[in-house]
Amino acid sequence: MRKILFGVALVLLASNALAATQYIRFGKLIDGKGKVWSNVAVVVENDRIRGVEPDATPPAGAEVIDLRRYTGIPGMIDAHTHMTYYWDQAPGTSPWDQSNERQSSVTVFLAQENARKTLETGVTTVRDLGSSEYADIAMRDLINRGAMVGPRMFVSGYGLSVTDRPERPGFTFPRGGTADGVAEVLRVVRQQVAAKADVIKMYGSTGSDQDVTGFQTFTFEEMKAAADAAHGFGRKLAVHSYGPDGARDAVRAGADSIEHATDMDDQTIAEMARRGTFYVPTIDHNRYYVEYRQQFNYSEEVAAHLNDYIRRNLETARRAHQAGVRFAMGSDAVFTMFGQNTRELEWFVKAGMTPEQALTTATSNGAALLGMEKTLGAVAPGYFADIVAVEGDPLRDIGVVIRNVRWVMKGGKVVVDRTSAAK
Ligand SMILES: [Zn+2]
């Protein structure tokens, strides 16, 4: 009998918690739908936004959150991360070696720090493009079930790559994701879908880490097979290409986004604009390597190559923006770059965007790239309650978004609070 009563009480508590209404006041709100509101209230019920309305009387019983000294923006989307690339900065260790030696279950636990630092930048959703042993799938699922605090993750599992090593008896090659020829591309895409990947990643050229070469790897036919297979499963295809050749073929093969890609030719850029292919240039990624080159033990010569790549990457972004290509903000964050996820936006302004256009790459454009444009990337009725408060006017200075994040809500829960009222 007592057991039964106890059960009833728990049910009541649970239903009370579910009915939670929050009334969030902002001095200004950029809603991600093209509208800027003044003196506005966002009504949140559970994990969703119920309404956006002039600030007046809160509904009875609602929890009131006063953010009138701040500007509200939608929770941002980082369209290119590697959340499971974790380094603890222990003296005498290097980021890449440490990753290769660690068990993936340990990595998943430690990578919570990357997830937390990402939330602190106002990023509430990421598209994670490459991980090993499905550590990314584990993280996504732990976050979704509430066991781990972090951004919503849309993950790729293993990225597809071509064989690039000689035979070495005793070593377990090929590594996960290796695919040579159309048949193997189909097999590896199906494997990622079977592992419950949300998106397919393909490495269409060389180039990564200190290597800024951009030689095409997969052929057009292989890229086309990956795009068609991914689309057949309702997944999108992201193709990594450091150079122009892989990008040219990836665009024509039907990739949904092109990552990095310097020196793209005018016809490829025009084709991207015509098809609506997203460009995720990740310019800031190499700025990070240059700035933190001591952590990676990179020589001055390596830094010079990286700086040359940055210059061409920015120039390509400028041309693509002028041609009307859609951009999504992707940091390509790895290791100690988490917490700097939105610095890419400053490069976008340098490439000729207005601050508003730059912000859009991290909100509605990122949502469209994920196929989530009806629930993410805007502060509007029916959307997930992913909301960020910044101090200042991001439409005048994009740096406000990068440096002045004060409060972050994800799915109706406050995950970061640096407001003056907070302890
Ligand atoms: Zn990457």
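For Lys196, go through the lysines and keep the ones whose alpha-carbon is under 24 Å away, minus same-chain ones fewer than eight residues off.
Excluding near neighbours in sequence, the set is Lys224, Lys236, Lys374, Lys410.
Local charge sum around Arg48 (other residues, Cβ-Cβ under 14 Å, Lys/Arg +1, Asp/Glu -1)?
Working: positive: Arg50, Arg152, Lys374, Lys410, Lys413; negative: Glu45, Asp47, Asp386.
Net charge around Arg48: +2.
Which value at 222 nm does the chain reach when only helices count, each DSSP H run of 4 or more adding -39,500 (n - 2.57), with the total divided by all residues and rounded to the nearest 500 deg cm²/dmol?
That calculation yields -11000 deg cm²/dmol at 222 nm.
Skipping prolines and chain starts, which residues have an amide H placed within reach, meaning under 5 Å, of the one on Gly392, given they are 5 or more residues away or on another chain?
Under 5 Å from the amide H of Gly392: Thr71.
What is the pair-distance distribution P(r) of the range 357-397, computed from all Cα-Cα distances in 5 Å bins starting at 0, with each bin given as a whole percent?
6, 23, 25, 25, 14, 6, 0
Pick from Ala317, Ala194, Ala253: which is most flexible by mean-square fluctuation in a GNM of the chain where alpha carbon atoms under 10 Å apart are linked?
Ala194
Counting alpha carbon pairs within less than 8 Å and at least 6 residues apart, what relative contact order, in whole percent, applies to the range 20-126? Show your work: numbers first, answer last.
Numbers: 162 pairs, mean separation 27.4, N = 107.
Relative CO of the range 20-126 lands at 26 percent.
Suppose a student asked you for the relative contact order of the range 322-423, using Cα pairs under 8 Å spaced at least 6 residues apart; what percent would you report?
That works out to 20 percent.
Would you work out the Kirkwood radius for the range 124-200? I mean one over the mean of 1/r across all pairs of different Cα atoms, in Å. Could you put the intermediate results ahead of the total?
Details: mean 1/r = 0.0740 Å⁻¹.
Roughly 13.5 Å, rounded to one decimal.
Evaluate the relative contact order of the chain (contact order divided by residue number), counting alpha-carbon pairs under 8 angstrom at least 6 apart; express in whole percent.
18 percent
For the range 137-251, take the alpha-carbon Rg, divide it by the Kirkwood Rh, and send me Rg/Rh.
Ratio value, two decimals: 1.01.
Quick one: which residues, 5 or more positions from Gly51 or on another chain, have an amide H under 5 Å from its amide H? H modelled 1.01 Å from N in the peptide plane, none for Pro or chain starts.
Those lying under 5 Å, H to H, from Gly51 are Val43.
Per the Kirkwood treatment, what hydrodynamic radius in Å, one decimal, follows for the range 312-423 from the mean inverse distance over all distinct Cα pairs?
Working: mean 1/r = 0.0661 Å⁻¹.
The Cα-based Kirkwood calculation yields 15.1 Å.
Applying the Karplus parametrisation 6.51 cos²θ - 1.76 cosθ + 1.60 with θ = phi - 60° to the phi angles of the range 201-207, what ³J(HN,Hα) value in whole Hz is obtained for each residue in order, glycine and proline being reported as x?
Ordered by residue, 3J(HN,Hα) equals 10, 10, 8, x, 7, 6, x Hz.
Each residue of the range 62-68 in order: what ³J(HN,Hα) in whole Hz does its phi give by Karplus 6.51 cos²θ - 1.76 cosθ + 1.60, θ = phi - 60°, with x for Gly and Pro?
6, 7, 9, 10, 9, 10, 5
Which Cα, out of Pro54, His285, Ser94, lies furthest along the positive dipole direction of the chain (beta carbon charges, K/R +1, D/E -1)?
Most positive-ward Cα: Pro54.
Dimensions of the range 194-284 along principal axes (Cα, Å, largest first)?
33, 30, 25
Might you report the magnitude of the Cβ-based charge dipole of the chain about its Cα centre, with Lys and Arg at +1 and Asp and Glu at -1, to the nearest 20 debye? Write out the running numbers ahead of the final one.
Numbers: 48 positive and 51 negative charges, 315 e Å.
For the chain, the charge dipole is close to 1520 debye.
Considering only DSSP beta bridges whose two residues both sit in the chain, what percent are antiparallel, to the nearest 5?
In the chain, DSSP labels about 50 percent of beta bridges as antiparallel.
In 10 Å bins starting at 0, how do the alpha-carbon pair distances of the chain split up by percent?
Histogram of Cα-Cα distances, whole percents per bin: 5, 22, 31, 25, 12, 5, 1, 0.
With θ set to phi - 60°, apply the Karplus curve 6.51 cos²θ - 1.76 cosθ + 1.60 along the range 76-84 and write out the HN-Hα couplings as whole Hz, x wherever there is a Gly or Pro.
Values, residue by residue: 8, 10, 9, 7, 7, 10, 10, 4, 8 Hz.
All of the numbers you see were taken from the coordinates with simple rules; none came from a lab. Fair warning: this is a prediction, and the values are worked out from it, not measured in the lab. Cβ coordinates were reconstructed from backbone atoms using ideal geometry, including for glycine residues, and neighbour counts include every protein chain displayed.
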